[in-house]
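Scroll down for the structure; my scribbles are underneath it.
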Amino acid sequence: MKHKSLIPILAATILFLLASCQQKQKLFDPVAVDFNASYNAIFDNQLYPSIVLGLAGANNDESKQGLFTVSMVSPRDNAVLRVVVDSSNLNYVTIFQEVLPRRGERYTFSPSIKWKYDNLYRTRQQGFVDLTFTCFINDEEVDVKNLRLNYRSVNECPLTLASEGGTYNFRWLFSAYVNEEHPYIDHILNDILEQGTVTRFVGYQSGEKAVKEQVFAIWYYALNRGITYSSISCTANPSRKANVQHIRFFDEVYNNKQANCVDACVFFASIMRKIGLKPVIFVEPCHAYLGYYTDKNRRNISLLETTITSWVNFPEMEKSLDDDGHLPQNQLDKVSKYLTEKQLEQYKEGKMTFDELKMTLARQLFDRSTTYNTETYNTNRALFADTTQSQYQQLDIELLRKEVQPISATL
């Protein structure tokens, strides 16, 4: 009796196992659908967070780089395609859906990935990310493709990328590092007003002289901050097709008090934009310097060599003052070449205070920074205006804002 009672149970178990082993018949052949997912070849398998973040707020789809492409052959008329990109440490689940009108025709799309922007901003070292693309036709899973990409630091800005289709210029991405909305700037503007060099920020409302005084006020603040020149440009990018540069963000320049030519341009341009001025970054093969329009109609431009702020170090000078508030001779010798003989004698004779000495030095260096690049600018003006020149760029931040947004700080 006991053995007989087991027969129905065993039979049911066998039937269940047989049923579970039977594969569900697929309506669509993966070979015929021929689903493919690929990453834009010009990036050489490198994912640049700076590009994703800089173009995240672009006003039109044409200005956005097509990073990913999916393609497939429609297995029937009006087939409903759904591509699902699984989540990773850099993106959320992304669903892309389209109707494929004609059977047998190949369709190609560039889906927009739902990025985790905060995580992209925090990528300060290179790493790898695996992205999985699953293709569904009429709700049936047809195929799966996996892509492994090497993501770069968000500080890594591509200058040029070479591919079989030619060389692509990305120097316009410098403008993404200019951040006029950085939360530090309001505090900095208060500090600038306390210096007394200007009493208010009026943009272009009070003429060219007032514009230059506002720029000088920023200049004087940078000198008092003690921002020095520090060239960090190399990266560990393995791509032989990429020419890239490490760019510091606004808060990194502020906190570390170090900047190379591009970093300093980004720092100054961010504050200028905040107070309503129109900065321009001029990029040459081995250097970058700043310009700004002195009138709102963009008729006249003035130049600024931002690295000259490193020629003196006001905080270091102030620390070396003796008990009477005088600058020791060894420190005075370091800056005497920026003073006239009369100015130097005035300080030595006690007719000029240390604060007055700083202001005098600041004015002298500001004047030098204005004329420092005049010759090279005049020589290269035609190259700056030539849109086919990739190594000579005139980056008007206001105009570029239509397509390139600041890489927002996550503090």
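The values are calculated or read from the model by the stated rules, or taken from the named source; none is laboratory data. Note that the coordinates shown come from a computational prediction; the quantities given were computed from them, not determined experimentally. Don't worry about glycine lacking a Cβ; one is built from the backbone with ideal geometry, like all the others, and counts go over all protein chains shown.
Scanning region 117-162 for residues that are under 29 Å from residue 391 (Cβ atoms) and of a type in the set (D, E, K, R) returns 124, 152, 156.
In the set (1) surrounded by fewer than 21 Cβ atoms within 10 Å (Cβ to Cβ); (2) in a loop (DSSP other than H, G, I, E, B); (3) at pLDDT 95 or above, residue 296 fails one condition alone, (3).
Looking at 365, 277, 357, just one residue is buried (at least 19 other Cβ atoms within 10 Å of the Cβ), of a type outside the set (D, E, K, R), in contact with a strand residue (DSSP E or B) (Cβ under 7 Å, 6 or more places away or on another chain) and in the same structural domain as residue 196 (by TED's automatic domain parsing), and that residue is 277.
Taking the stated definitions as given, is residue 237 outside any helix (DSSP H, G or I), at pLDDT below 95 and either buried (at least 16 other Cβ atoms within 10 Å of the Cβ) or in contact with a strand residue (DSSP E or B) (Cβ under 7 Å, 6 or more places away or on another chain) (or both)?
Values: outside any helix (DSSP H, G or I): yes; at pLDDT below 95: yes; either buried (at least 16 other Cβ atoms within 10 Å of the Cβ) or in contact with a strand residue (DSSP E or B) (Cβ under 7 Å, 6 or more places away or on another chain) (or both): yes.
Taking the combined requirement at face value, the residue satisfies it.
Quick grid of which residues meet (1) more than 34 Å from the chain's Cα centre (by Cα); (2) not aliphatic (A, V, I, L, M):
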| site | (1), (2) |
| --- | --- |
| 308 | no, no |
| 312 | no, no |
| 316 | no, yes |
| 329 | yes, yes |
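Looking at region 305-411, what helices (runs of 4 or more DSSP H) fall wholly within it and have at least 2 residues that are farther than 30 Å from residue 166 by Cα? Reasoning before the result, please.
Details: elements: 314-319, 329-335, 341-348, 354-371, 374-385, 397-400.
Helices (runs of 4 or more DSSP H) meeting the threshold: 314-319, 329-335, 341-348, 354-371, 374-385.
Of all the residues in region 269-293, those that are within 25 Å of residue 159 (Cα to Cα) and outside any strand (DSSP E or B) number 8. With respect to being within 30 Å of residue 179 (Cβ to Cβ), surrounded by 15 or more Cβ atoms within 10 Å (Cβ to Cβ), of a type outside the set (Lys, Arg) and modelled with pLDDT of 95 or more, residue 48 fits the description.
So is residue 141 without any contact (Cβ under 8 Å) to a residue 40 or more places away in the chain and farther than 30 Å from residue 279 by Cα or not?
Details: without any contact (Cβ under 8 Å) to a residue 40 or more places away in the chain: yes; farther than 30 Å from residue 279 by Cα: yes.
So residue 141 fits the description; yes.
Just one of the listed residues (345, 375, 341) is more than 30 Å from residue 52 (Cα to Cα) and under 35 Å from the mean Cα position of the chain (by Cα), namely 375. Scanning region 333-388 for residues that are polar (S, T, N, Q) and over 30 Å from residue 168 (Cα atoms) yields 336, 340, 343, 346, 353, 360, 364, 369, 370, 371. Looking across region 85-108, the residues that are outside any loop (DSSP other than H, G, I, E, B), buried (at least 17 other Cβ atoms within 10 Å of the Cβ) and either of a type in the set (A, V, I, L, M, F, W, C) or not assigned by TED's automatic domain parsing to the domain that holds residue 141 (or both) come down to 85, 96, 100.
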